[in-house]
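Working notes, beginning with the structure itself.
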Amino acid sequence: MDDLDLIHELTRVAGEVDHPREILSRELVEHGLTGERFDISTDAVIALSDAGEAVAYGEAKLSDTEETETGVFLDGVVHPDWRTHGIGRALLAWQEARARQLLAGSGSNLPARIAAGAREENEDAVALFRATGFRPARWWLELWRSLADPVAAPVRPLAEGVSLRPFTSELSEPTRVAINDAFRDHWGTQPTSAQEWQEERAMESFAPHLSRVAVTGSGTAEDPHIVVGAVLTDVDQPDWELNGGPFAYMAEIGVIRAWRGLGLSTALILDALRAYRDAGMLNAALDVDAVNPSGALAMYTKLGFELRDRSVTYAKHM
């Protein structure tokens, strides 16, 4: 962890090229160096120049939980001034070798996958993945919506017994349960552990007052609150200048499968958008799987979201 500041500076410099509209905070970089099954001393590597500058960093992270598959995600970066020297290829070779060790030692009999991601415009990363046998597995769309105009009310009334309210600590665990249920049929998603959930909710970027949950029940012992859907919001102020002003990011949007088809997703999103606008946000952003099984892309388009960026997950199946 003594290398945290070196890694953070490396991601800042590389980010100006690789993801110019996003700044990775020190807190987010530090969070990325942790995990219930991640050992930084064996699962990560850093390359230093003679001057002590971070030239490259890479990690192989075994997923904290596994239900339908065992996965290792590779995250890595090379300083822009040190690219085209073979460092990225050597780094990826180390990461893949470590990933195979982690999978072999996991004790799991589930299907296994090694995955990595990049923006479609990052031609160097895309070429490297393809040259080393990784193949495109999934496309992700970054969508944005202006909040200049008032947000319309939902066409359909809320289902009987459901209320929308801001996220609170009392609803945190029921929300985790709901999000895990909502994403059980989504590609590459495994359940979020209680520890990981708590760490994410404690991050400075999480905005509970701009997050919305759909709740049933009166909250008594006999009739406890049950969360059936949620929109969880992040606000990263350092990114505002790079994106034309204040915006909020819908980090997770989900409705449990038993409550789909009742208009809850639309109601939650519109309620969150109104909260964003009232808080002075100019835009809202989200990411979606291009082939989301719940038909989310069509819903977002209908709600005024438009495509701004694309990224790709590359994978090898074991």
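The values are calculated or read from the model by the stated rules, or taken from the named source; none is laboratory data. This structure is a prediction, so every number in the text was calculated from the model and none was measured. Positions of Cβ are backbone-derived with ideal geometry, glycine not excepted, and every protein chain shown enters the neighbour counts. Ligands, DNA and RNA are stripped out before the accessible areas are found, and what is left, the full protein with its side chains, is counted by its heavy atoms. Shrake-Rupley method; radii C 1.70, N 1.55, O 1.52, S 1.80 Å.
I'm trying to understand the selection: among the residues of segment 107-132, which are farther than 26 Å from Asp287 by Cβ and part of a loop (DSSP other than H, G, I, E, B)? Reasoning before the result, please.
First, the residues of segment 107-132 that are farther than 26 Å from Asp287 by Cβ: 107-109, 131.
Residues satisfying the conditions are Gly107, Ser108, Asn109.
So, in segment 176-201, exactly how many residues are touching a residue at least 60 places away in the same chain (Cβ under 8 Å) and in a loop (DSSP other than H, G, I, E, B)?
10
Can you list the strands (runs of 3 or more DSSP E) found entirely within segment 1-106 that contain at least 2 residues being aliphatic (A, V, I, L, M) and modelled with pLDDT under 95?
Numbers: elements: 44-48, 54-62, 70-78.
No strands (runs of 3 or more DSSP E) qualify here.
Residues being touching a strand residue (DSSP E or B) at 6+ places or on another chain (Cβ under 6 Å) and either farther than 21 Å from Arg274 by Cα or of a type in the set (Ser, Thr, Tyr) (or both): count how many of those fall in segment 188-218.
Residues that pass the stated criteria total 4.
Results for (1) touching a Ser or Thr at 6+ places or on another chain (Cβ under 7 Å); (2) under 27 Å from Arg277 (Cα atoms); (3) of a type outside the set (S, T, N, Q); (4) open to solvent by 40 Å² or more (accessible area, probe 1.4 Å), shown as yes or no for each residue.
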{"position": "Ala131", "(1), (2), (3), (4)": "no, no, yes, yes"}
{"position": "Arg135", "(1), (2), (3), (4)": "no, no, yes, yes"}
{"position": "Leu141", "(1), (2), (3), (4)": "no, yes, yes, no"}
{"position": "Trp144", "(1), (2), (3), (4)": "no, yes, yes, no"}
{"position": "Ala152", "(1), (2), (3), (4)": "no, yes, yes, yes"}
{"position": "Leu164", "(1), (2), (3), (4)": "no, yes, yes, yes"}
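Identify all residues within segment 221-258 that are closer than 20 Å to Glu200 by Cβ, touching a residue at least 40 places away in the same chain (Cβ under 8 Å) and out of contact with any strand residue (DSSP E or B) (no Cβ under 9 Å at 6 or more places or on another chain); write none if there are none.
Across segment 221-258, the qualifying residue is only Pro238.
Which one is farthest from the chain's Cα centre (by Cα), of the residues in segment 259-283 that are free of Cβ contacts under 8 Å to residues at least 40 places away in the same chain and either buried (at least 20 other Cβ atoms within 10 Å of the Cβ) or not in a loop (DSSP other than H, G, I, E, B) (or both)?
Asp278
Exactly one condition in (1) of a type outside the set (Gly, Ala, Ser); (2) open to solvent by 30 Å² or more (accessible area, probe 1.4 Å); (3) touching a Phe, Trp or Tyr at 6+ places or on another chain (Cβ under 6 Å) is not met by Ile7; state its number.
Single failed check for Ile7: (2).
So, of the residues in segment 70-101 that are buried (at least 17 other Cβ atoms within 10 Å of the Cβ) and in contact (Cβ under 8 Å) with a residue 60 or more places away in the chain, which turns out to be nearest to the chain's Cα centre (by Cα)?
Gly71
Here are some conditions: (1) in contact with a His (Cβ under 8 Å, 6 or more places away or on another chain); (2) within 19 Å of Gly58 (Cβ to Cβ). Gln95 meets all but one. Which one does it not meet?
Going through (1) in contact with a His (Cβ under 8 Å, 6 or more places away or on another chain); (2) within 19 Å of Gly58 (Cβ to Cβ) one by one, Gln95 breaks only (1).
Here's the yes/no breakdown for (1) modelled with pLDDT of 95 or more; (2) surrounded by 17 or more Cβ atoms within 10 Å (Cβ to Cβ):
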residue	(1), (2)
Leu158	no, no
Arg176	yes, yes
Gln190	no, yes
Ala207	yes, yes
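If we scan segment 102-117, do we find a residue that is within 27 Å of Phe247 (Cβ to Cβ) and among the basic types (Lys, Arg)?
no
Here are some residues: Glu160, Glu170, Glu204. Which one is outside any loop (DSSP other than H, G, I, E, B) and either over 14 Å from the mean Cα position of the chain (by Cα) or over 20 Å from Leu62 (Cβ atoms) (or both)?
Glu170
Conditions first: (1) open to solvent by 40 Å² or more (accessible area, probe 1.4 Å); (2) over 24 Å from Leu62 (Cβ atoms); (3) outside any helix (DSSP H, G or I); (4) not charged (D, E, K, R). Pro238 passes all but one, so which condition is the exception?
(3)
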